[in-house]
Amino acid sequence: MKKMFAAILVVLSFLVAFCLPSAELAQAQTGSAKKISDIKIKGNKAVSTATIMNKLKIKPGDAFEELALNNEIKRLYATGFFSDVFVETDDREEGVLVIFTVMEKPTISGIKFSGNGRIAAAKLMKKIQVKEGDLLDFNMLGQDVINIRTNYTEQGYSNAQVDYRIETDPDTGAAVVVFVIDEGMPFKIRKIGFEGNKSVKTSELLSYMSTKTAWWFIRKGAFDEDVFKEDQERIQSVYRSKGFLDAKVTSRVEYSEDGKSIYLTVIVDEGKQYYVGDLKLVGTLAFPEEDVMATLKMKPGDAFDYKLIKEDMDNIRAFYFDRGYMNAEVDLQNKYNPVTDKMDLIYKITAHEEVYVGKVNVLGNTKTRDKVIRRELRVYPGEMYNGERLKTSKERIYNLGFFEDVYLETVPTDKSNVKDLDITVKETKTGELSFGGGFSSVDAFIGFAQIRQRNFDILNFPSFTGGGQDLTIRGEIGSTRTNYLLSWTDPWIFDLPYLFGFDLYRTEYDKSGLSGYDYYERRTGGSLRLGKDITDNLATGLVYNLEEVKLTDIPDDASADLQAEAGTNTLSRVTWNLTYDTRDNKFSPTKGIVTGMSLENVGGFIGGDKDFVKGTVFLTYYRTIIEEVVLELKGRGGMAEPYDDTDKIPIYERFFAGGATTIRGYKQRSVGPRDSRDGAIAIGGDSMVIGNAELAFPLYKQLLRGAVFYDVGAVHTKAEDIFETSGYVMGAGVGVRVKTPIGPVKLDYGYPLSDNHDDKKEGQFYFSVSHGF
C-alpha cells in the first residue's frame, strides 16, 4: 500500500514538473502575441484595393490568428467578385505581413446568341439579367438559361434546348458569353379533350386550365409540360373540392404526323363522391354552440368540399377574433362513417382567453403626423380587441389617400392576454403639380394647370405637409369652359372632429352645341363649409354659398324663360347635406353603398335676387359579382320649388339630363322640356329622376377595364311631376376605361332606346382624357 502511494506521488510530481514549464511558456507566448503589421492585396484589376480592404474585418495592429484568415477568405468569396482567393503570411520583425491574392472573375465584354433563327437576339436580350460590363456570375447565367428556355416554350418551342459557353480573351481576360440554342420543332396545341368527366362539364374544367389551344394570332397554343401537369393537379383539386376525394387525373399526349401539332386528352377517374354527415363542435367554445354553428356554410348532406371547409374554419376564427379571442385555435377532424356512408366533421375549438390592446404604435410615416393617423383608429389601448373595428380602422386610414399600403400587426407582450398593435404605413405622393391638356365630348379641348396637396399643413413651414388638409389651386381654359378654383379643407379644424373649408371660384360656359348651352354663363362666388362625422359611416354638413350669375349672348329667338334671366343675379344659398357611406374603398369600390340627401334654400331670409328651395337624393350600390367584376347601381332624383318673389326656377338652376354623366345615348342636356316654339332648345325642368346600371370587368390586368351599361331617366317641367311615369327615356351601351400615366381615359358608346322629341335616333360616343384627381 505504501509502495503504491509512493508511486502515485512520483507520477504526480512528474506531471507537475512537465506542465509547469508549458504553462509558463504559454503565458509568455500570450504576453508577446504576434501582431499584423500590414495587409497587401494582389491580383486585382477591376475591383479596387480600397473596395477589397473595406470587405475585410482584420486591420493592421490586430492580433494575428490563423482562424481569422480563413474567415476573411470566405468573406471575400462571398462578394461574388472572385473565382479564387488564397492568403500568404510573412513573419517579420515588426509583425506578420498578410498577403491576399485574388483571381477576379472575368468582365463580360459581349453577349451573343447562337442558333436563334425564330426569335430575334434583341428580344432574347430583354429576357436575360447579365449585362456587358458585369463580372461573370454563373448563378445568374444559369437563371438566364431558364428564362430563355421559358420564352421559347411560350412561343411553342417546348423541345428547345439552351446552354451557354464562355469565350475568354487570353490577353485581356475579358469574357464573351454565348448562349447556344437548339430551337427544335414548334408545337401547337390543336385540341384539348376530356374522358371520364361525368359530373363536371368540360367547359368548366377548361376554365381552370392555363394550357390553351392555338387560336388565330391571339393564342399561340404553346405546350409546356410543366404547366400541363399543374393543370391536371388543379383539375384534381377541383374534383376533391366537390367531394370526389379519390379522384385521379392523368393525361395522354398525341402528335400529328408532321410533328407540328399536339392533341391533349385529360383522363379523369372521378371515383366516389362523398357527402357531409354530422357536424359537431367540441372544446372550450366560450360562446353558445348555436352562435358558432351559424357561421358555417357547410351543411349536412352537402358535397364534401375542402375549400368550403377551410372557409368555415376561417369563419370560426373570425367569429372569435371579432370578439377579442385573438388566440383562438380551430382544428378539424373528418372521419368516414361506414354506417351513414358520409364524412362526419368535428371542429375542435380552443378559445383561450380574451386579448386586450396594449400600446398602439404608428410606424413608417415620415411626413404625415401621428395624430392624422390615430384619429382614424377605432381601437384603443386597454380595450378588448375587436376584429370589425380593426378592419374599419384600416379602411379609414387607407381612405385618407396618403398611403400606398396599410399594415396592422399584433405584437405579443410579457402578458399573455395583452398584445400591442403596430400600424405600419407606406406613404405615397400626395402633392401634385400638373398641367397639360385633354379632350372630352362635352367640353372639347381643355387645358389645365393645378397645384394640389392632399396632405397639406398650413402651419408646417417650409414643407407644408403632414396635417391631413386638402389644398387645391386650379385653372382650366377650354373651347367651351373656363374654370378657376381655390379650395382648402381641414377635416379636423383646431384638432376638433369638425370639418371646415372654403372655396373661391369662377366658372364660365360659352355658347356651344357640344356643351348643351345656348348662351354664355358666368358664375363667380365662394363657399364656407362645416361638417361632422356622426358615426364611422354617417356624416353631415352645412354649406353657405354666395355667388353672382351672369347670362349674356342669349339668342334673339330664345325662349321667354331664358330671356327673363338675362343679366346679372346674386344667389345666397345655404345647404344641409347628409351622407351614409359603407364602401370598402372610396377610390375603387367593390362593395357597399353610398347614399345621401341635400336640402338647400336660396334667398328668403338670407337675401339674394332669387328665392327657391331644392332637394336632391342619391343612392349608389356596389357589389362584386365574381372576382374583379363589379356591379354599380346608381339612382338620383331632385326637386326644386320657387317661393316669395320668384315665380319660376331660374333656367341655370333647373335640372338637365342627357350626356356622359346622366343618360348616355343622348346629346348633352337634350333630355327633358324644350322651348315650346321650335322644340330645339332645352329649357330644363324642376324635377329629375336618373337611374344607371353598369357592370365593369377587367380586360387586361389593372390597366384596361370594360363596361356595359343601361341608363334611364326623365326631367319634368314641374316638381310635382316627378312621380309621373311618362317622359322616361332609356339608353344602353358599352365602354372601356384605361389607366394612363397622365390620368384616366374613358370611352363610352351609348345608343338611345327611346324617342326624344324629334331628335334623330343615333348612337353617341363619349370620350374624355385628362389628369386624374
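The values are calculated or read from the model by the stated rules, or taken from the named source; none is laboratory data. Please read these numbers as outputs of a predicted model, since none were measured by experiment. Using ideal geometry, Cβ is built from the backbone for each residue, glycine included, and neighbour counts are taken over all protein chains shown. Ligands, DNA and RNA are excluded from the accessible area calculation, which covers all protein heavy atoms including side chains. Shrake-Rupley method; radii C 1.70, N 1.55, O 1.52, S 1.80 Å.
Worth a mention:
- Test: residue in the range 198-213 that is touching a residue at least 60 places away in the same chain (Cβ under 8 Å) and closer than 29 Å to Asn139 by Cα: no
- For the range 206-264, a residue qualifies if it is among the hydrophobic types (A, V, I, L, M, F, W, C) and at positive phi, and exactly one does: Trp216.
- Top-ranked residue in the range 31-58 [being in a loop (DSSP other than H, G, I, E, B) and open to solvent by 80 Å² or more (accessible area, probe 1.4 Å); ranked as nearest to Glu94 (Cα to Cα)]: Lys34
- First in the range 379-393 and over 14 Å from Thr410 (Cβ atoms), second anywhere and open to solvent by less than 70 Å² (accessible area, probe 1.4 Å) and assigned to a helix (DSSP H, G or I), Cβ under 7 Å, 6 or more apart: Glu388/Asp322
- Of the residues making up the range 335-349, those that are surrounded by fewer than 16 Cβ atoms within 10 Å (Cβ to Cβ) and either of a type outside the set (Val, Ile, Thr) or in contact (Cβ under 8 Å) with a residue 60 or more places away in the chain (or both) are Lys335, Tyr336, Asn337, Pro338, Thr340, Asp341, Ile346, Lys348.
- Members of the range 350-379 found to be among the acidic types (Asp, Glu) and open to solvent by less than 50 Å² (accessible area, probe 1.4 Å), listed by number: Glu376
- Ile651 vs. criteria β-branched (Val, Ile, Thr) and under 19 Å from Met639 (Cα atoms): yes
- In the range 119-155, residue modelled with the lowest pLDDT [restricted to those that are more than 30 Å from Lys45 (Cβ to Cβ) and surrounded by fewer than 14 Cβ atoms within 10 Å (Cβ to Cβ)]: Glu154
- Just one of the listed residues (Thr250, Thr265) is modelled with pLDDT of 90 or more, of a type in the set (S, T, N, Q) and in contact with a Lys or Arg (Cβ under 7 Å, 6 or more places away or on another chain), and it is Thr265.
- Number of positions in the range 474-495 that are open to solvent by 40 Å² or more (accessible area, probe 1.4 Å) and either farther than 21 Å from Leu433 by Cβ or not in a strand (DSSP E or B) (or both): 6
- Test: residue in the range 734-755 that is assigned to a strand (DSSP E or B), aliphatic (A, V, I, L, M), under 27 Å from Ala640 (Cα atoms) and out of contact with any Pro (no Cβ under 8 Å at 6 or more places or on another chain): no
- Residues that are open to solvent by 50 Å² or more (accessible area, probe 1.4 Å) and among the aliphatic types (A, V, I, L, M) were ranked within the range 270-291; the one that is farthest from the chain's Cα centre (by Cα) is Val282.
- Flag for Tyr766 being outside any loop (DSSP other than H, G, I, E, B), open to solvent by 40 Å² or more (accessible area, probe 1.4 Å) and farther than 30 Å from Ala564 by Cα: no
- Of the candidates Lys307, Lys297, the single residue that is open to solvent by 70 Å² or more (accessible area, probe 1.4 Å) and more than 17 Å from Arg240 (Cβ to Cβ) is Lys297.
- Single residue of the range 203-225 satisfying the filter (of a type in the set (A, V, I, L, M), in contact with a helix residue (DSSP H, G or I) (Cβ under 6 Å, 6 or more places away or on another chain) and in a loop (DSSP other than H, G, I, E, B)) that is surrounded by the fewest Cβ atoms within 10 Å (Cβ to Cβ): Met209
- Meets criteria (at pLDDT below 85 and surrounded by 15 or more Cβ atoms within 10 Å (Cβ to Cβ)) for Asp518: yes
- Tally of residues being surrounded by fewer than 17 Cβ atoms within 10 Å (Cβ to Cβ) and either over 30 Å from Gly592 (Cα atoms) or modelled with pLDDT under 95 (or both) across the range 630-647: 5
- Neighbours by Cβ (under 7 Å, 6+ apart or cross-chain): first from the range 604-628, more than 18 Å from Leu695 (Cβ to Cβ); second open to solvent by 80 Å² or more (accessible area, probe 1.4 Å) and part of a loop (DSSP other than H, G, I, E, B): Gly604/Asp644; Asp611/Asp644; Asp611/Asp645
- Matching residues in the range 126-153 - criterion: being of a type in the set (A, V, I, L, M, F, W, C) and either outside any helix (DSSP H, G or I) or under 25 Å from Glu225 (Cα atoms) (or both): Ile128, Val130, Leu135, Leu136, Met140, Leu141, Val145, Ile146, Ile148
- Wholly within the range 295-403, helices (runs of 4 or more DSSP H) carrying at least 2 residues that are within 27 Å of the chain's Cα centre (by Cα) and over 21 Å from Gly468 (Cβ atoms): 306-322, 387-398
- Considering the range 721-732, the residues that are open to solvent by less than 40 Å² (accessible area, probe 1.4 Å) and at pLDDT 95 or above include one that is farthest from Asp647 (Cα to Cα), namely Ala732.
- Selection count where residues are over 26 Å from Leu695 (Cβ atoms) and open to solvent by 40 Å² or more (accessible area, probe 1.4 Å), scope the range 705-720: 3
- Total residues in the range 587-614, condition of a type in the set (A, V, I, L, M, F, W, C) and either part of a helix (DSSP H, G or I) or surrounded by fewer than 17 Cβ atoms within 10 Å (Cβ to Cβ) (or both): 6
- Filtered by the rule that a residue be of a type in the set (D, E, K, R) and touching an Asp or Glu at 6+ places or on another chain (Cβ under 6 Å), the range 99-138 gives a lone residue, Arg118.
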